[in-house]
1. Of the residues Ile219, Ile211, Ile196, which single one is over 20 Å from Ile149 (Cα atoms), out of contact with any Gly (no Cβ under 6 Å at 6 or more places or on another chain) and crowded, with 20+ Cβ neighbours inside 10 Å?
2. Being under 27 Å from Thr278 (Cβ atoms), out of contact with any strand residue (DSSP E or B) (no Cβ under 9 Å at 6 or more places or on another chain) and not hydrophobic (A, V, I, L, M, F, W, C) is the requirement here; does Lys242 meet it?
3. Where residues in segment 83-103 are touching a strand residue (DSSP E or B) at 6+ places or on another chain (Cβ under 8 Å) and charged (D, E, K, R), which of them is nearest to Glu122 (Cα to Cα)?
4. Given the conditions (1) in contact with a helix residue (DSSP H, G or I) (Cβ under 6 Å, 6 or more places away or on another chain); (2) under 30 Å from Ser280 (Cβ atoms); (3) among the β-branched types (Val, Ile, Thr), and given that Val200 satisfies all but one, which numbered condition is not satisfied?
5. For segment 75-93, name all the residues that are without any contact (Cβ under 8 Å) to a residue 12 or more places away in the chain and over 19 Å from the mean Cα position of the chain (by Cα).
6. Please work out if Arg230 is farther than 23 Å from Ala116 by Cβ and under 21 Å from the mean Cα position of the chain (by Cα).
7. Output the residues belonging to segment 142-161 that are out of contact with any His (no Cβ under 9 Å at 6 or more places or on another chain), touching a residue at least 24 places away in the same chain (Cβ under 8 Å), on the phi < 0 side of the Ramachandran plot and not aromatic (Phe, Trp, Tyr).
Amino acid sequence: MCETNITTGKNISFGDKFNCTITNMLGTNETSSTSKLAKIIFENEDFPKDDKDAINYTLLKERKHFENFKRVSGKARTIVSDNEVVTDEPVDDDWLNRFNKIVEDVSDETMQNLWAQILAGEVKHPNSFSLRTLDVLRNMTRSDAQLFIDALKYLCFGEYILTGDEYGLPLMNVISLIEIGLMTPDELTHTRSIPIGNCVAPVNNRYLYSIENTKEQVIKVDFQVRRLTRAGVELLCLIDNKDYFETYDFIGKKFKQTGILKVELHKILMMDSNNKVTYSRNIEKFY
């Protein structure tokens, strides 16, 4: 088995950690006990043909499972640079076993690509994807994945999807995402409080609004939303960020309609772990 000195909390390269993880998953024996037993049986002329056929079927199925796993792990190997430094914290054995059992049956290339990102992300940062998220993704089809990607047009304020009648994700899409396990069933009112004076309101990790409230009171702005489930939030990192200015415009105008003096859209340059942001002084849009 591969040894990584996993209890020290030190850093190692992603390539070394990935190779060690896969080696531990597969083991080091080149010939499995099943293959050895099958060889003995096939060489025995007195062994019933139906039993030989059953064993051959099992071996072919296991071969297909292995090929699916190798494709997913091969894709995962290329996602992160070999030399990128990561912690040597190991990936949980139960997580690896669940992952392995799932990807054995995944033949669709689009879904294999998603599973490859899951594996690379978990090796890089253990505990990034829960077992529940694996089960949700296990039951997703390519069309389900596309439905989730399309819904992100309406993503705002971290983990919310706009679902109001005025502007938002269509109800049939909402129902489908609830059934898949990516969205919570209850519609919520998400309230943004705008304090007196100047403030900023990030809409996502790419853009924020700078707002000037000259009224003598805090202004509250309500948005009809549904929250993503934990699985939905964890899968967000697999989707390429896109800018949906139609959504940005809807939110900006909603702020402006409350009587706020100035609402401007800016690009975020940096956001730290405490959500402190640095943003460009260039105005992308104003409302």
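The values are calculated or read from the model by the stated rules, or taken from the named source; none is laboratory data. Model, not experiment: these values are computed from the prediction. Heads up, the Cβs are rebuilt from the backbone with ideal geometry, glycines too, and the neighbour counts pull from every protein chain shown. Just so you know, the surface numbers come from the protein's heavy atoms only, side chains and all, with ligands and any DNA or RNA stripped out. Shrake-Rupley method; radii C 1.70, N 1.55, O 1.52, S 1.80 Å.
1. Ile211
2. Criteria met by Lys242.
3. Filtering first and then ranking leaves Asp88.
4. (1)
5. Correct list: Asp93 only.
6. Spelling it out, it is not the case that Arg230 is farther than 23 Å from Ala116 by Cβ and under 21 Å from the mean Cα position of the chain (by Cα).
7. Listed by number, the residues that qualify are Arg142, Asp144, Ala145, Leu147, Ile149, Ala151, Leu152, Lys153, Leu155, Glu159, Ile161.
Yes or no, residue by residue, for (1) basic (Lys, Arg); (2) more than 24 Å from the chain's Cα centre (by Cα); (3) within 21 Å of Asn173 (Cα to Cα):
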position: Leu238; (1), (2), (3): no, no, yes
position: Gly252; (1), (2), (3): no, yes, no
position: Phe255; (1), (2), (3): no, yes, no
position: Thr258; (1), (2), (3): no, yes, no
position: Lys262; (1), (2), (3): yes, yes, no
position: Arg281; (1), (2), (3): yes, yes, no
